[in-house]
1. DSSP loop (so not H, G, I, E, B), at most 16 other Cβ within 10 Å: list which GluC sites (Glu not before Pro) in region 482-536 pass both filters.
2. What is the percent carbon and sulfur in the accessible area of region 466-574, measuring with a 1.4 Å probe over the protein chains and ignoring ligands?
3. Find the accessible area per residue for region 64-198; the probe is 1.4 Å, ligands and nucleic acids are left out, and the unit is Å².
4. Run lengths n ≥ 4 of DSSP H only: what is the helix-derived mean residue ellipticity at 222 nm for the chain, with -39500 (n - 2.57) per run over all residues, to the nearest 500?
5. Taking all protein chains as present, what is the carbon and sulfur share of the accessible area of region 301-372, in % to the nearest whole number, probe 1.4 Å?
6. For the Cα atoms of the chain, what angle does the longest principal axis make with the long axis of helix 125-136, in degrees from 0 to 90, nearest 10?
7. Taking θ as phi - 60°, what are the ³J(HN,Hα) couplings along region 410-418 by the Karplus curve (6.51, -1.76, 1.60), each to the nearest whole Hz, with x for Gly and Pro?
8. Using the heavy atoms of the protein chains alone and a 1.4 angstrom probe, what is the accessible area of region 503-586 per residue in square angstrom?
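The values are calculated or read from the model by the stated rules, or taken from the named source; none is laboratory data. Everything numeric here is computed off the predicted structure, so don't read it as measured data. Cβ placement follows ideal geometry from the backbone for every residue including glycine, while neighbour counts extend to all protein chains displayed. Note: accessible area is taken over every heavy atom of the protein model, side chains too, but ligands, DNA and RNA are not part of it. Shrake-Rupley method; radii C 1.70, N 1.55, O 1.52, S 1.80 Å.
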Amino acid sequence: MCGIVGIVGKGPATPRLVDGLLRLEYRGYDSAGVATLVDGHIERRRAEGRIRNLEALLLEQPLAGSTGIGHTRWATHGAPNENNAHPHATEKVAVVHNGIIENFAELKAELVAKGRKFATDTDTEVVAHLLTVLILEGLSPEAAMAAAMHRLHGAFALAVIVAGRPDLLLAARRGSPLAIGYGEGEMYVGSDALALAPLTKMISYLDDGDWAVLTTDGAQVYDQNDKKVAREVRETVLSGALVGKGNFQHFMQKEIFEQPAVIGDTLRSYVNPATHRVTLPELPADLATLKRVQLVACGTSFYAASVARYWIEQLARLPCDVEIASEFRYRDPVLEEGGLSMFVSQSGETIDTLSALRFARGRGQKIAAIVNVPESSMAREADALLATHAGPEIGVASTKAFTTQLAVLAAFAFAAARARGTQSPERLATLAQAIAGIPEKVSGVLAADDRIRAAAKIVAPARDVLYLGRGTAFPIAMEGALKLKEISYIHAEGYAAGEMKHGPIALIAPDVPVIVLAPNDEWFEKTASNVQEVRARGGQVVLFSDKAGIAKIGNLAVAAIELPSCDPFVAPILYSVPVQLLAYYVALIKGTDIDKPRNLAKSVTVE
């Protein structure tokens, strides 16, 4: 969840470390810091808050050195202040860390008994002191790293520099991702390839349990048994030019408006534009005979999976379970041997989802991954990869990654229906055309931008907001509520519209806006009745529907935003976009930090 970058090289390290941290700031922004070797000694600069605070400090107190490490933090152990900021250092080593050291209290007590003095509240500091004790006891830095790996419990990624060794950078990965970059006379390490994109395109990924010794000549990787291993070096598709905001005020706004393009890019991987035929990568299970499929995900990805459950069961008549990844293992589910489990994640590194994937594999499941990062752990560990092509998503609140997930899941549902013979050729032809037409329809939704901005003025003063939807609009209602919570800090809840009368109707009041998602589908008339119930109790309705729907009930709303008409099958993708824009403009009015909302990080790599 935190961001790590490291360099062992020949040029000034600090400017490049800071640039890497700026690319990783979506992973955490409670504090930041860098450490380098200056004349063989460890020197640090750390600052509370955003990386811009660290940059200001470095202008006042420059930091030389060609070997160094940097870190941007999402706090777990210890308050987010300068004292707890990484890197943590002793007289011998400096360490940056992503993850949690589960046995830190035990190790700390042991190290204190040996006379070590701790200065922070973090679990990370035990790594610095443990390595220092091992080196003082006579081990080389490399041997100390090997010994420490057998003492540390938890899920973590580490990068370490050692006093007096400007030729050395140590790295380790257990649970949390870590990439190694190969340069000319230099080597790099980063939490992901995005951090290293301006430095090199040649990347390798450490496997779980690996640790590595990096010098200016290359890298030697060791597995969890300390045996030398080779990890594939590949050319990453990421470019250092992919992360600008362009003419947009925020990354989130830019990423919302990129959706027609990235949905189109994603669909072209699965849908032949000439024949509209949908083709999936080879799956580890036969869709024609498959008895059940499980979708497992967290957060926004869980809502994408929840939409897909409607699609898969209605179109393909294939039983489908949707699981929250963080609960999946603890429920001890009954899994059919050889069944298909699909894991949905933007980063492909979300620790809850990755742990669930490994649990399912251990129970004999075939594994497919729907991820946006083809070099991620989930992508590499799956039997089949169904890639989204959203490109780097920097805004913490997911937008384009979500709609591209829906696009892939729609293609999967279509392919399953065709394989199982559950839909007529005529209906399949209609569905294929609807899928192919999604990018154009989404462009039509974005044309309502000004009207959504105006509706945000109704929502922004509220303390509580309700979202209602039926059928596939129900998960979108929950996703819309999540977006509003994430970036505006307004309490919001999404409900199945039919459930309103079973409790939430008590919340209806003139100061509680009710966002209603009402595509003109088979559930429209029932949703219209719910709108009547809200208005009868003085509620303010913000309605999203098409022209026909607004003609029927638009007069009941304080704001009615017309969206393009569409086949109900693709409606959830279209209706995702206006709830993103609504949340964005409400947050803009409230003046929150939209791209980096408080307490959140982009890639959650701790449980």
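1. Sites meeting the loop and neighbour criteria: GLU522.
2. Roughly 52 percent, rounded to a whole number.
3. Values: 4120 Å² over 135 residues.
Each residue of region 64-198 exposes 31 Å² on average to a 1.4 Å probe.
4. Computed ellipticity for the chain at 222 nm equals -11000 deg cm²/dmol.
5. Details: 1130 of 2490 Å².
Carbon plus sulfur share of accessible area: 45 percent.
6. Helix 125-136 sits roughly 30 degrees off the main axis of the chain.
7. Taking θ as phi minus 60°, the curve returns 5, 5, 5, 4, 4, 4, 5, 5, 5 Hz for region 410-418.
8. Per-residue value: 34 Å².
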